[in-house]
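The values are calculated or read from the model by the stated rules, or taken from the named source; none is laboratory data. Remember, it's a predicted structure, so these values are computed and weren't measured experimentally. Glycine gets a Cβ as well: all are built from the backbone with ideal geometry, and neighbour counts include every protein chain shown. With ligands, DNA and RNA removed, areas are computed over all heavy atoms of the protein, side chains included. Shrake-Rupley method; radii C 1.70, N 1.55, O 1.52, S 1.80 Å.
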Amino acid sequence: MNVAAAPQFNEIDAERLARDLYGRSLHAEPLPSERDQNFLLSDATGARFVLKIANRDEALEVLDLQNKLLAHLAPIATGLAFPRLLAARSGLEITPVEGTDGAAYFVRLLSWVDGVPLATIQSHSANLLRSLGASLARFDHALVGFEHPAAHRTLYWDLRHASLAWRHLDLLPEARRAMLRPFVDDWHSLAWDRLPTSVIYNDANDYNVLVDPAGTSVLSFLDLGDVVHSAVVCDLAIAIAYAMLDKPDPIAAASEVVDGYHQVRPLSEAETDALYTLAAARLCASVCNAANQARLAPGNVYLNISNRPAWSLLEKLASFPVDWPREVFRRVCGYSSAARSSASLAKARRRMLGPSLSLSYSEPLHIIRGWRQHLYDAGGRRYLDCVNNVAHVGHAHPRVNEAITRQMALLNTNTRYLHEQIGAYSERLIATLPAPLSVVYLVCSGSEANELALRLARAHTGRDRIFVLDAAYHGNSSALIDISPYKFNGKGGRGKPAHVEVMPLPDVYRGPYRGPDAASRYAAHVADAAEHTGGPAAFFAESASGCGGQIFFPRGYLAESFAAVRAAGGVCVADEVQTGFGRAGSHFWMFQTQGVVPDIVTMGKPIGNGHPMGAVVTTREIADSFDNGMEYFNTFGGNPVSCAAGLAVLDVIRDEHLQANALTTGEYLLAGLRDLATRHPIIGDVRGQGLFLGIELECAAAQASALVDRMKDQGVLLSTDGPRHNVIKIKPPMVFGRSDSDELLGKLETGLRS
Ligand code: PMP
């Protein structure tokens, strides 16, 4: 339909037509329309009508289709108010009139329907969205059995004929075309013959959906101009395409609409699966047609109404994992075999799992997908993941996934055979470390790594005593709980064992020493203990403390402490489980920021991007001491699949320049947090190194965790730590970027204000 063939009548013409054709003296105001002309006509008594002047190219039989449809709907109890058609004085329901261009235009008069467009309602409640779905389902029900020859037409807004819109893809810039491509490909794979058909409304856009002014429920659907015989589910797809516009969580909004619809007119499985493809196709068709129409009628503002929001929605949808929205809709409609309600999952957990396992957040999340720096829940919400340092190179990274599945399909066995993977991986891992760290042990977790480090140190020194930093956590085995003040001094802990010495955490914000000599004064405690205890087997320290509350040590602290420990015959263990693999930004390992070389480095969490792995790297000398005849065997440690995962992680860190990203993004975020602190006195300190940052709040634990909960409600995942549980931890996947930092900072601003 040619937009340029839209009628060009003015208000005076409209008033004249009302008088001449309908014998009514009414005041006219224009209403927006893409290709027709509509006028609101009213009189002094408040009576209101709509005068519709059809596009020059509109076929009479299509107007007849609309009129017959209104007549069909009138007696049906849909709960919706549809307009009534008013005949002209001549008795005609459709009257041809001559335009100023000499062409004939068809005029109709309809009664007014009260309500305001959905698009003008600021915030769409879940109830309103469900009402949209339910109302549309009732409408679709009412349409069943209605037939009209004109409905069997080829309409470019019919999603079956979206290929008419794809012809305009070439009008779009290359990058945008590429962004639409997967949605268009998806549309091409639709199995149309599995979708029930009927005459459908085909235009539940947010300007056509009328709701009550309070925005609680849907009253009517306007404009039957796109009515066509097509797949029924297209009606819902179109409604959700528009309901998703400008929503922070478009899939969650859409699933409310789908739920409302499904309750009234249950969707088949094929319809449920087609829904997202069709909704995205509608948005794509919309921007393609807009591009074409902008070319034909550059002045028509109506064309631009939904263009910008449609593009930003498409950008958002394009960033989602492809199968997630479909899975959310399958869950809503009861077609997901995996689906269980959050309540039933929580109940099953309580019944079957050890009760000492905790859940994050006061209302736990039910996450079903991870992708890059986001987590995706079962209800259609996406969360910016600011705390997951395990999904180091991004959740579900395709290269890691591919490496694991390829190797798993070939071979997975223990390390007692010759195999390329373990050698290749060890070589690459050693290459990241300074000499003399050159001997690798591969294990399955951070705890196993620290457990082995304990044994290495004890075998090498023949001693038992361990020095640790206050508030440290090194792992979940008995021996590691014994060297973790975080645990042995915490709830359920049995206190400090005799063989353990706890060093003050070198915290220059809250600890006892804060001045320029803080490093030496903290290190003096290590030297003092080394002197008075006869020397430790090992000094275990994270290179920046995680459980201690994201604490960065004063410059020189580790160098002085390591010197004292070594002078007393002990070895120095750097626990890099949280901090390693480029997170520090300036260096690959956090210990390098302190200018030291440990004797043993332990690794975990990020090493396999979620694949259970750990590693210990030490010196030849220590490894030889450990080689005392007792074999170190670890069934799964160093298996070819784990090595493939580890290699892929190292490759991605290198190829995607993630260490450099940690540096630049980390600096940007730190500057933003410092700025935030100037406006929010509750922020006591902000600190960070690369993408390992902390915000220390001057408040009680409960307030800090309330802030974390509020951030979750805004779609941002954070957590608290530190002995006072008042430090907000930030340690996101390393693909975290500038716009993610902006989102985090903006939402922290809001979260801190409320
Ligand atoms: N060391 C540190 C510093 C850790 O944070 C953790 C885990 N939180 C561990 C060791 C233990 O690692 P895992 O849970 O993989 O056994």
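Karplus-derived 3J(HN,Hα) values for region 264-280, using 6.51 cos²θ - 1.76 cosθ + 1.60 with θ = phi - 60°, are 9, 10, x, 7, 6, 4, 5, 5, 4, 6, 7, 4, 5, 4, 5, 5, 5 Hz; glycine and proline are entered as x. Helix 174-188 and the longest principal axis of the Cα set of the chain meet at an angle near 70°. Rounded to the nearest Hz, the phi-derived 3J(HN,Hα) couplings of region 223-235 under the Karplus curve 6.51 cos²θ - 1.76 cosθ + 1.60 (θ = phi - 60°) are 6, 8, x, 9, 4, 7, 8, 7, 5, 4, 5, 4, 4, where x marks glycine and proline. Under 5 Å between amide hydrogens, built in the peptide plane, is the criterion, and for Ser719 it picks out Lys729 among residues at least 5 positions away or on other chains. For Asp64 and Gln8, what is the calculated FRET efficiency with R₀ set at 25 Å and r taken between the beta-carbons, to the nearest 0.05? After rounding, the FRET efficiency stands at 0.55.
Overall shape of region 66-192 was characterised from the C-alpha gyration tensor. The equivalent ellipsoid obtained from it has semi-axes of 33, 25, 18 Å, in decreasing order. For Leu505, nonlocal amide neighbours, meaning residues 5 or more places apart or on other chains whose placed amide H falls under 5 Å from its own, are Asp470. Going by accessible surface with a 1.4 Å probe and the largest first, Ser189, Ser337 read Ser337, Ser189.
The shape of region 362-478 comes out oblate: with a ≥ b ≥ c from the C-alpha gyration tensor, a/c is at least 1.5 while a/b does not beat b/c. Once the Cβ-Cβ distance of Gln122 and Asp517 is raised to the sixth power relative to R0 = 56 Å, the FRET efficiency obtained is 0.45. Roughly how tilted is helix 640-655, in degrees to the nearest 10 and between 0 and 90, from the longest Cα axis of the chain? Value to nearest ten degrees: 70.
Which residue, Thr664, Thr635, Asn609, has the largest displacement toward the positive end of the dipole of region 566-724 when charges sit on each Cβ (Lys, Arg +1; Asp, Glu -1)? So the residue furthest toward the plus end is Thr664.
Between Lys347 and Asp651, residue separation times 0.36 nm minus the direct Cα-Cα distance comes to 105.3 nm. The count of lysine pairs in the chain with alpha-carbon distances below 20 Å, taking only pairs 8 or more places apart or on different chains, stands at 16.
Ordering of 436-446, 288-298 by packing is 436-446, 288-298, highest average first (other Cβ atoms within 10 Å, averaged per residue). At the residue level, Thr619 shows approximately 10 square angstrom of accessible surface with a 1.4 angstrom probe and all protein chains present.
Label-to-label distance for Ala660 and Gln263 is 5.4 nm, based on points extended 7 Å past Cα in the beta-carbon direction. At an R0 of 35 angstrom, the distance between the Cβ atoms of Ala47 and Val144 translates into a FRET efficiency of 0.55. Under a 5 Å amide H cut-off, with hydrogens placed 1.01 Å from N, Arg369 pairs with Tyr376 among residues at least 5 apart or on other chains. Principal-axis analysis of the Cα atoms of the chain puts helix 701-713 at an angle of about 40° to the longest axis. Computed from point charges on the beta carbon alone (+1 for Lys and Arg, -1 for Asp and Glu), the dipole magnitude for region 122-234 about its Cα centre is near 180 Debye. Contact order for region 177-295, expressed relative to its length and based on alpha carbon pairs under 8 Å spaced 6+ residues apart, stands at 30 percent. With a simple spin-label model that places each label point 7 Å from the Cα along the Cα-to-Cβ direction, the separation between Leu169 and Arg181 comes to 0.9 nm. Couplings 3J(HN,Hα) of region 595-604, computed from phi: x, 10, 10, x, 8, 9, 10, 10, 9, x Hz, in residue order, whole Hz [Karplus 6.51 cos²θ - 1.76 cosθ + 1.60, θ = phi - 60°; x for Gly and Pro].
Ranking Leu558, Leu86 from most to least accessible surface, computed with a 1.4 Å probe over the protein chains only, gives Leu86, Leu558. For Glu256, the solvent-accessible surface computed with a 1.4 Å probe is close to 50 Å², ligands and nucleic acids excluded. Taking the protein heavy atoms of region 153-229 in the context of the full set of protein chains, the accessible area attributed to carbon and sulfur is 53 percent at 1.4 Å.
Sites listed here are GluC sites (Glu not before Pro) in region 545-640 whose DSSP assignment is loop and whose Cβ has at most 11 other Cβ atoms within 10 Å: Glu631.
Ratio of Rg to Rh for the chain: 1.11 [Cα atoms; Kirkwood radius as inverse mean 1/r over pairs].
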